[in-house]
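Structure first, then comments.
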Amino acid sequence: MIVGRQNYPRKAAAFSDRLLRPFLIVAFVAVVATQLVESHAPATRLGWLLFAPVGLLALWTLLPAQRTPSAMRIALLLVFAILSGILFAVPIETFSVGFVFLAALYAGQLIEARLVAIAVAVVAAVTCAASSFIVDQFSPQGWPWWLGLTAGLPVYIGIARRERAAALEAAQEAAIESERARLSEAREAALLERGRIAREIHDVLGHSLSAISIQLDMADTLYTHDRLGESIAAVRRARTLAKSGIGETRRAVHALNEDPKPLTDTIQAIASSFGATFVVNGEPGLLNVETSQTLIRAAQESLTNAHRHAPGADIWTELTFSDVDSPDAFVVLRVLNGPSERAGRDQAIEEGIGMGLEGMKERAGLLGGIVIAGPIEDPYDYADGNTPTGWSVSMRLPR
């Protein structure tokens, strides 16, 4: 209902401009021409001489204003005002007196400069009054000549119509621009959401598939050593991980997980699944869902990569919380690993790395944080102080 009411003025204006106004002007010109044909007044011939250009100019006002240059439009309306002002006073007993009012009306509607439009209307009014005064000296009209001065008043109606049309056009353009901006924002939001879901799926699947691969490799090794019971247990753990990964993927796709996750417990469980040491510094407190999710996914990705690229290495996971009351409160997740106990690297572990580190950086950037990853050169950067080389991934986010 509201939309319909907003569109009604525009539809009414379009109906008036495209149908009603042309019909009325053409009908008016036709009626005056018919009256002149049937007129037997002494000034009928003079009336025809004036009516011919005045009628054509009245019909000209129906053409789109853009087709006529501004200067020519002013000149034609000025001629229309003068000739119709003279025709006003010719005693031919027709409705031709209305042309001067039309001239003033369209001066206000078709001339963009307000002062110029008023000046044309003043010329029409003065011409009308002057011609009435002169004709009244020879043939009294029965009404005062100064009433012709009112012929210029319709200019204000024309100005009001022009300004209203301009306002409607501006409102329409503003509505179009607003709709374009809304669609652009919607597209941008959709792209951001797609990127977030892509990162979410990558992190979930990367962690789940890597853990499943580890369990299946373990089952295969145990089976070859005739440790059937332990092999079956590893296969069952892989199946459990697959079910968990499917559930996590569904939640990521639908983006319906609004409940805060127990951050420290979740990261501790992830670290334990990789055999990593987990340490918490500071008071955890509460974090928003997006921050918690980002830290959890970063822990999964970092621990998975550490296990891939440094199999058998010691891994440390550290979660540090600053004072929540400080103006620049932050939380830092750090995952460190020592050198691999195995020489070389299996080419298969390179598959699926994809957007892992880049995805973490994008997630952190969206929350106003940073990610720093690189080799560790300081041997005392580890808890035991004896590890010569390794790798570190740190994510710092505002609380």
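Where a number appears in this text, it was derived from the coordinates with a stated rule and is not lab data. Worth saying up front: this structure is predicted, and the values here are computed from it rather than measured. Counting neighbours? That spans all protein chains shown, and the Cβs are built from the backbone with ideal geometry, glycine included.
Computed 3J(HN,Hα) for the range 272-283, one whole-Hz value per residue from the Karplus formula 6.51 cos²θ - 1.76 cosθ + 1.60 where θ = phi - 60°, is 5, 5, 9, x, 9, 7, 10, 10, 10, 10, x, 8, glycine and proline marked x. With contacts taken as Cα pairs under 8 Å at a separation of at least 6 residues, the range 2-152 carries a relative contact order of 21 percent. Footprinting exposure proxy ranking of Lys361, Lys243, fewest other C-beta atoms within 10 angstrom first, gives Lys243, Lys361. For Asp314, the residues whose amide H sits under 5 Å from its own are Gly338, ignoring neighbours fewer than 5 places away on the same chain, with H placed 1.01 Å from N. The phi torsions of the range 228-234, fed into the Karplus equation with coefficients 6.51, -1.76 and 1.60 and a -60° offset, translate into couplings of 5, x, 5, 5, 5, 4, 5 Hz, rounded to whole numbers, with Gly and Pro shown as x. Among Arg399, Arg67, the order by Cβ neighbours within 10 angstrom, fewest to most, reads Arg67, Arg399.
The alpha carbons of the range 2-152 occupy a box of 60, 35, 29 Å along the principal axes, longest dimension given first.
Annotation: amide H-H contacts under 5 Å for Phe278 (H modelled 1.01 Å from N, sequence separation of 5 or more, or interchain): Thr317.
A simple packing score, the average count of other Cβ atoms within 10 Å per residue, orders the peptides 303-309, 60-66, 367-373 as 303-309, 367-373, 60-66, with the highest score first. By other beta-carbon atoms within 10 Å, ranking Asp323, Asp328 with the fewest at the front produces Asp328, Asp323.
If the chain linking Ala41 and Val116 were pulled fully straight, counting 0.36 nm for each residue of separation and taking away their Cα-Cα distance, it would gain 23.4 nm.
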